[in-house]
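The values are calculated or read from the model by the stated rules, or taken from the named source; none is laboratory data. Only a predicted model underlies this, so the values are computations on that prediction, with no experimental measurement involved. Every residue, glycine as well, gets a Cβ built from its backbone with ideal geometry; the counts of neighbours run over all protein chains shown. Just so you know, the surface numbers come from the protein's heavy atoms only, side chains and all, with ligands and any DNA or RNA stripped out. Shrake-Rupley method; radii C 1.70, N 1.55, O 1.52, S 1.80 Å.
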Amino acid sequence: MTQAPGGESTGARRRAVPAAGTKPAVRVRMSAAQRREQLIAIGRQVFAEKGFDATSIEEVAARARVSKPVVYEHFGGKEGLYAVVVDREVRALLDRITTALTAGHPRELLEQAALALLGYIEEETSGFRVLVRESPLMSATGNFSSVMNDVGHQVEHILAAEFSSRGYDPKLAELYSQALVGMVALTGRWWLEVRRPRKETVAAHLVNLAWNGLSHLEAKPGLITARKRS
């Protein structure tokens, strides 16, 4: 190995001097809050892709380029990270739907609720996938069903007033509200995969079925099959 003036080897000098036109990599250190947000965002994506069971702390840590203890330090484990992700999505979806319910006419309210849900699916696809995936951690207060139940209670109040004004039994408003919200929610899960027709068209057809069905309700419906048996 040749020696440069001053006794330093040329090999050592080449290693010490960056190649022309390049800058040495500088790793920016995140604050604890920034790291937590990064891990939540990565966890949200991995849970959306793989579901709770197939997601590992190793993969979350690898994508964030940190060690596993860093993830454990922030969330205590996979369950803690998942709980934070789900809680955020539940609140985001519920806020979006409740904020959209501003009209006074019941049909417009149905339109706004349908568009709000479809808009969330379109714009926050990963979040919606997290919510609709089954998980052993799912509880009555922390999943997609809980959001739809909350929306159903709001719709119930609207329907109860309409039922009373039209001479229908307002006690049945809860049943109809669950049916309407369930119709929109299941259609939303289907639309998540197909993405056609456009969300405005889907919302229009949902409201067409719901509103025209509500407009022609029978006061005391019965089953045709039951009548045939008698």
Can you give the net charge of the other residues whose Cβ lies under 9 Å from the Cβ of Glu124, counting K and R as +1 and D and E as -1?
-2
Can you give the accessible area per residue of region 106-216, in Å², using a 1.4 Å probe?
51
Partners for Lys78 among lysines (Cα-Cα distance below 26 Å; same-chain residues under 8 apart left out)
Lys50, Lys68
Quick one: accessible surface of Arg129, probe radius 1.4 Å, all protein chains present, in square angstrom to the nearest 10.
70
Fully extended, how many nm does the chain gain between Leu172 and Ser56 (0.36 nm per residue separation, minus their Cα-Cα distance)?
37.2 nm
By a straight-distance test (C-alpha under 29 Å), which lysines pair with Lys228 as possible cross-link partners, with residues fewer than eight away in the same chain excluded?
Lys171, Lys220
Give the relative contact order (percent, whole number) for region 61-161; include only Cα pairs under 8 Å separated by 6+ residues.
29
